[in-house]
Amino acid sequence: MLSRLQRMYAERGPVVALNVGPFKMVNLFGPDANRLVLLDRDRIFSARQPWTMIMGRIFPNGLLLRDGDEHKEHRKIMHEAFTRPALRQYVEHMNPMVESGQAVWRGQAAPFHAFRAFKVLTLDIAASIFVGVELGPETTKMNHVFEDLVAASMSRVRLRIPGLEFYRGLVGREFMVDYFSRRIPERRAGEGGDIFSRLCRAVSDDGARFTDADIVDHMIFLMMAAHDTTTSTLTSMTYELARHPEWQERVREQSVGLGTDELEFDDLDKLEALGWVMKETIRRYPPLPVIPRVATESFEWCGYEIPKGVMVVVSPIHTHHMEEWWPDPFRWDPDRFTPARAEDERHTHSWVPFGGGPHLCIGLRFAEVQVKAIMHQMLRRYRWSVPADYRMPVQQAPISKPLDGLPIQLRAL
């Protein structure tokens, strides 16, 4: 994907129109284009329309699939689940799960496939922190269902025919709709600290609440978005730290220096080097490589008139590799994000792994908490490596992930 986008930009410039089947698409390249589309000051870009076409039958009406005032209102209500007190509680609940989840890695046969291990761990954490269920058969069932949902959302053949992955996704969604719907009354009446319970009780400043249908749709979407992108980031970080043992030791030194296996919320910002590693990794491997919108009005950009109804695509993965903004862009170099260099501050929208504007990822701080909590314990518990000539084969879309599961040599400390 990246090489194709770079070729388009080099040959045709910052505005490239394409016909993809019956759809008209325009790719806009560069930080200025990101700012135009993501900030959407004139409110002329719809996120709902393209994402509904892509995943609307499996994940309808998630926060990303809402526009305008409706999106703004839902985001205000949902914020209750992502406040600092809530994040503090999540990391406290998460830590023992990370410990037990990583303990089973010890002694597994080599090579250790990191992607699958992270996926299992993040699904378990999502089931517990998002839904409030403890590990067991219920969690296992839920995890299998969510794997079916994610696979179905990207299916090429979208027919309700038994045996197809899209069919399994539709059946899985029906299971989750029933699961959440039956539990809403008790969660509204309770005092649970999981995200499901918080959304059931959440009230905005002006007294707005979610309907039962809203809660169901948001929960199914949030669980998908949270575990998939986090798994992607953790896997890519593990790969780069395996290839750069000097950085692995540097971040391990900070984690060991905290003097505790479990990462406390107030210690998150003390792991500066790990923060730079995470930022550089999602620069090179943004979990969401492209961001689509549909133009609801015609507009002009770089001397071109873009008509109403066209799908407009901006590309974080391309912007993150533009030499104009990132010297030696294919080199993995976390020092880019140190205060002394601060390459990400050269433009407000040159580093956009979490999107931006009204649709800036509401869970970005939660993602940081989860990634750091998992990586902190992994660094204190294990050392890992890959062969010197190994290069991770990457599937860049729809979400960045290794094609081979990322086999690593994992050694207990």
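Structure above, values below:
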{"read-out": "Under 12 Å from the Cα of LYS141 - aspartates and glutamates, other chains or at least 8 residues apart", "value": "ASP124"}
{"read-out": "Label-to-label distance, nm, for residues given as ARG88 and ARG12 (7 Å Cα→Cβ offset)", "value": "5.2 nm"}
{"read-out": "Segment 193-329 shape via C-alpha gyration tensor axes, a/c threshold 1.5", "value": "oblate"}
{"read-out": "Net charge of Cβ neighbours under 9 Å - reference ALA152; Lys, Arg +1; Asp, Glu -1", "value": "+2"}
{"read-out": "Burial ranking of peptide ranges 368-376, 158-166, 392-400 (average Cβ count within 10 Å, highest at the top)", "value": "368-376, 392-400, 158-166"}
{"read-out": "Amide N of segment 339-361 lying under 20 Å from the label point, which is placed 7 angstrom from the Cα of GLU246 along Cα→Cβ", "value": "339-343"}
{"read-out": "Accessible surface of segment 42-154, 1.4 Å probe, proportion on carbon and sulfur as whole %", "value": "55 percent"}
{"read-out": "Gain on full stretching of the segment that runs from ASP404 to MET53 - 0.36 nm per residue minus C-alpha separation", "value": "123.5 nm"}
{"read-out": "In nm, spacing of pseudo-spin labels at ASN19 and VAL120 (7 Å Cα→C-beta vector)", "value": "5.0 nm"}
{"read-out": "Ellipsoid semi-axes in whole angstrom, largest first, where each is sqrt(5λ) of the Cα gyration tensor of segment 162-253", "value": "35, 22, 10"}
{"read-out": "Spacing of the two label points (7 Å from each Cα toward its C-beta) at ALA110 and GLU297, in nm", "value": "6.2 nm"}
{"read-out": "Extended-chain gain in nm, criterion 0.36 nm per residue less alpha-carbon gap, LEU159 and ALA412", "value": "86.4 nm"}
{"read-out": "Residues ALA151 and GLU324, FRET efficiency given R0 of 51 Å [Cβ-Cβ distance, rounded to 0.05]", "value": "0.85"}
{"read-out": "Nearby aspartates and glutamates by direct alpha-carbon distance to LYS308 (threshold 12 angstrom, same-chain neighbours under 8 apart not counted)", "value": "GLU297, GLU300"}
{"read-out": "Within-13-Å neighbourhood charge of THR319 [Cβ basis; K, R +1; D, E -1]", "value": "-1"}
{"read-out": "Potential lengthening between LYS308 and LEU39 on full extension [0.36 nm per residue; Cα-Cα distance subtracted]", "value": "95.0 nm"}
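The values are calculated or read from the model by the stated rules, or taken from the named source; none is laboratory data. Worth saying up front: this structure is predicted, and the values here are computed from it rather than measured. Neighbour counts run over all protein chains shown; Cβ positions are idealised from the backbone, glycine included. These accessible areas exclude ligands, DNA and RNA; they are computed on the full protein's heavy atoms, side chains included. Shrake-Rupley method; radii C 1.70, N 1.55, O 1.52, S 1.80 Å.
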